[in-house]
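The next block holds one structure in the form of structure tokens; read it before the comments.
The values are calculated or read from the model by the stated rules, or taken from the named source; none is laboratory data. It should be emphasised that the depicted structure is a prediction, and the values quoted were computed from it without experimental measurement. Neighbour counts are summed over all protein chains in view; Cβ atoms, including those assigned to glycine, are modelled from backbone coordinates with ideal geometry. All accessible areas refer to the heavy atoms of the entire protein, side chains included, with ligands and DNA or RNA removed. Shrake-Rupley method; radii C 1.70, N 1.55, O 1.52, S 1.80 Å.
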Amino acid sequence: MTESMNHGIGVDIAFVLLAALAVISGWRVFRTDSMVRASFFLLVSFIAVGAIMILLAAEYLGVAMFFMMAVEMTVMALFMVMFMMNPAGLNPMNMVHQERIAIGAGIAGFVVLGAMALFAAFPERPLPTGLDPVRSLGLEMLGDSMLIFESAGIVLLATMIGVVVLSSHRGRYGAAAEGSMPPGLAPGGDPAGKSEEDEEAGGGHEHHHH
Amino acid sequence: MTLATLLLLAAALIGIGLYGALSQQSFVMLMMGLELMLNGVMLAAVAFWAYSGAGAPAGQLLTIIVMAVMAIEMTMGFALVVAVFRGKQADTTESLSGLKH
């Protein structure tokens, strides 16, 4: 990796292919009917970026990306199956709102950031020869930047506690789902389900007794 | 593979992610847009580390912090999806109007 900046044509070809893969799969995330497939397209995009990181001599980060995203996207696919109405893509699906504004914002973001990439004069200070990226990262994490690294751990712990509080069934003021009703299928319409009393006692004021 | 091409790729990923985060109705798809943006941010950070940062280890550390942010975003997002689904049995942003003025 000492000559990572004087890379050969093979690295360039690999970069072009991986870049195309990352962008196309990233775009397909929002264009596929199946939400599970969307999460796997996102995984492909992440893996392509992780491979580009390895090309850039950041081996640890690239491999960490593989592991992290493989697990994360599997969890995401599971959530899709649990919660979403169309996880398998059996019906055509295009659930978007304010699409023109969104497309405009996306293109504007790309143009502004791309102009920065092309026209800004960034300093050219490539990796020094003889640098061991993994070793230097380890020494930094457990050396000068240990406080930052440990803070990230504390924040993750706080997140875990917050997630348990948010998603627990019994809230501080009673059961979390008490009295909850699904929204109507049409705006302002009747709820799309039954309340718990209806199901248990069978005595809703708008429904027949059964 | 130059700094400019890497940053262009990062800009493309951020642009697609921004589109997704703004346009998707489903919470989980919205989170995918946010993740795609963070994907571009991480790529840009590594590109700067490799081409402009002279291999300063803090550049790699920044990427690890972004990864932690991504994990936090993901878990909090899913916890909120669970909480909202418990409360309203809803999975799209349109179903939530409690804080709309």
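Quick notes on this one:
- Peptide A:114-121 has a mean shielding of 5, counted as Cβ atoms of other protein chains within 10 Å of each residue's Cβ.
- Per residue accessible area in Å² of the range B:3-89, where ligands, DNA and RNA are left out and the probe is 1.4 Å: 26
- Counting Lys and Arg as +1 and Asp and Glu as -1 over every other residue whose Cβ lies under 13 Å from the Cβ of B:Gln24, the net charge comes to -3.
- Surface per residue (accessible, 1.4 Å probe) for the range A:1-88, Å²: 44
- Taking both sides together, the accessible area buried where A meets B is about 7100 Å² for a 1.4 Å probe.
- Three-way shape call for the range A:1-88 based on the alpha-carbon gyration tensor, with the a/c threshold at 1.5: oblate
- Segments A:96-103, B:39-46, A:108-115, B:60-67 sorted - mean Cβ within 10 Å per residue, highest first: B:39-46, B:60-67, A:108-115, A:96-103
- Summed residue charge, Cβ within 11 Å of A:Glu72's Cβ, Lys/Arg positive, Asp/Glu negative: -2
- Take each residue in B:71-83, count the other chain C-beta atoms within 10 Å of its C-beta, and the mean is 6.
- Average beta-carbon neighbours from other chains, 10 Å sphere, peptide A:33-41: 2
- Reducing the range B:59-101 and the range A:35-54 to their Cα centroids gives an inter-centroid distance of 20 Å.
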